[in-house]
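Notes follow once the structure below has been shown.
Nothing in this text is a laboratory measurement; each read-out follows from the coordinates by a stated rule. What you see is a predicted model; the values in this text were computed from it and never measured. For neighbour counting, all protein chains shown are included, and Cβ atoms are generated from backbone atoms with ideal geometry for every residue, glycine included.
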């Protein structure tokens, strides 16, 4: 990893937390422009509390467009193919092309807490690079039947996470799962 911030000689890596709500059948949305109005009030409360703890949000362009108004006031790195590398837009927005020269690690160096807000390509980008420390997954008791999956791998691999906690959020059956990167020494399956 390319993180250079240190305390003394100890490197500091930002804590990267993926936040996602999925249906029982594992969908994050019906389509790319689907506004996430289908999640429970309890999930929205949890989501807001996690956002308050984050220094920067990393989000895909389509996902950003579904909630542009509130997100435009916060530090955001927006994944997009509309720029060659990076481009600053105002005080809070940085457009980023993951295929450009700049590494995502170098962009995240100044931050301590990073929230990944989706969509599937952003989650997959970070997962494939083994950059996700925590995954908070809210499972809502609904079924879309079709739509966008949480992860869309470009490579064939299996990533192991370890369940840290789980709790039922409401009587309707919304469940919050918290997964973490497993301790060192447990390899991912390729």
Report summary line: Rounded to one decimal in nm, the spacing of the 7 Å Cα→Cβ label points at residue 107 and residue 50 is 2.0
Query - Rounded if a/c under 1.5, otherwise prolate or oblate - segment 121-169, Cα gyration tensor axes - result: oblate
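For the chain, what does -39500 (n - 2.57) per DSSP helix run (n ≥ 4), summed and divided by total residues, give at 222 nm, in deg cm²/dmol to the nearest 500? Could the numbers behind the result be given before it?
Details: 5 runs with 36 residues, N = 190.
Roughly -5000 deg cm²/dmol at 222 nm, from the helical runs in the chain.
Would you work out if segment 69-131 is rounded, prolate or oblate? Take a ≥ b ≥ c from the square roots of the eigenvalues of the alpha-carbon gyration tensor; rounded if a/c is under 1.5, else prolate when a/b is larger than b/c, oblate otherwise.
Details: a/c = 1.38, a/b = 1.18, b/c = 1.17.
Cα axes put segment 69-131 in the rounded bin.
Explain nothing, just the number: relative contact order of the chain, from Cα pairs under 8 Å at least 6 residues apart, as a whole percent. Walk me through the intermediate numbers first.
Details: 367 pairs, mean separation 53.9, N = 190.
In percent, rounded to a whole number, it is 28.
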Query raised in the report: Once all Cα-Cα distances of the chain are split into 10 Å bins that start at 0, what whole-number percent is in each one?
Result: 9, 35, 39, 16, 2, 0
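Packing-wise, with mean Cβ within 10 Å as the measure, how do 138-144, 112-118 rank, highest first? Please report the intermediate quantities before stating the final value.
Values: 138-144: 17.1, 112-118: 21.4.
Listed from highest to lowest mean packing, they are 112-118, 138-144.
Rounded, prolate or oblate: which fits segment 28-77, taking a ≥ b ≥ c as square roots of the Cα gyration tensor eigenvalues, rounded meaning a/c under 1.5, else prolate when a/b beats b/c? Mind showing how you got there, number by number?
Numbers: a/c = 2.11, a/b = 1.09, b/c = 1.93.
Oblate.
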